[in-house]
Amino acid sequence: MLSGNLGSREYSLNSDDFLISRTDLTGKITYANPAFIEVSGFSWDELKGADHNIVRHPDMPREAFANLWQTLEAGREWNGLVMNRRKNGDYYWVLAHVTPYFEGNSLVGYASVRIKADAQAVALAREVYGDIAPAGAVPSPSRTACCAAGACAAGSPGSTPRRCSSACRPCRPRRSSSPPPASRSAPKPLAPRPGRR
């Protein structure tokens, strides 16, 4: 079970907190709103130009972030629960929505909006993420647990996913002869990025 490092405390977000940040294509922070700055515990001077993984909690499975990048590089939005780390070592859970960010027709980076995560979803995410073995072995959680935990990359918690995180193998659709449902709009192709967060 994922619980944060020994000695760290959970920091509680307010229900009206919206943590917003933008990065360039390499994951360097180019914008952070006041709520993100406050919750992170870092100053804007410390955040500006830093890798976004400055707030990555070491207990979060790499598979979740690998899925995030695969999804973004395919031109799609990603939604999921994330445990982040504050400057002082405390942690906080958020429901994150990350999307490619365009200026005109040019991909310039990624934008993320995070809100306070629901307590039930956090409990399920702790189990799902905590069961992922360090060597990369992936458990087979139930569809309900995984999707309710917000691990689905293609929809909101509880939705029928088109693509889920590696922690959610049972949720992945099986190949069939029928074509997939049409998406809202075709994703814009993304340019390769030299680095990752």
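The values are calculated or read from the model by the stated rules, or taken from the named source; none is laboratory data. In this text, all values refer to a predicted model and were calculated from it rather than measured experimentally. Cβ coordinates were reconstructed from backbone atoms using ideal geometry, including for glycine residues, and neighbour counts include every protein chain displayed.
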Subset of segment 9-33 [in a strand (DSSP E or B) and in contact with a helix residue (DSSP H, G or I) (Cβ under 8 Å, 6 or more places away or on another chain)]: PHE18, LEU19, ILE20, SER21, THR23, LYS28, ILE29, ALA32
Segment 49-72, residues that are closer than 20 Å to ILE20 by Cβ and of a type in the set (Lys, Arg): ARG56
Taking segment 6-37 only, how many residues are of a type in the set (Phe, Trp, Tyr) and touching an Asp or Glu at 6+ places or on another chain (Cβ under 7 Å)? 1
Sole exception among (1) surrounded by 14 or more Cβ atoms within 10 Å (Cβ to Cβ); (2) in contact (Cβ under 8 Å) with a residue 24 or more places away in the chain; (3) over 15 Å from the mean Cα position of the chain (by Cα) for ALA35, by number: (2)
If you go through THR23, THR71, the only one that is crowded, with 18+ Cβ neighbours inside 10 Å, modelled with pLDDT of 95 or more and out of contact with any Leu (no Cβ under 8 Å at 6 or more places or on another chain) is THR23
Among the residues of segment 99-122, the number that are hydroxyl-bearing (Ser, Thr, Tyr) and surrounded by fewer than 16 Cβ atoms within 10 Å (Cβ to Cβ) is 1
Within segment 56-67, can one find any residue that is of a type in the set (D, E, K, R), surrounded by 15 or more Cβ atoms within 10 Å (Cβ to Cβ) and in a helix (DSSP H, G or I)? yes
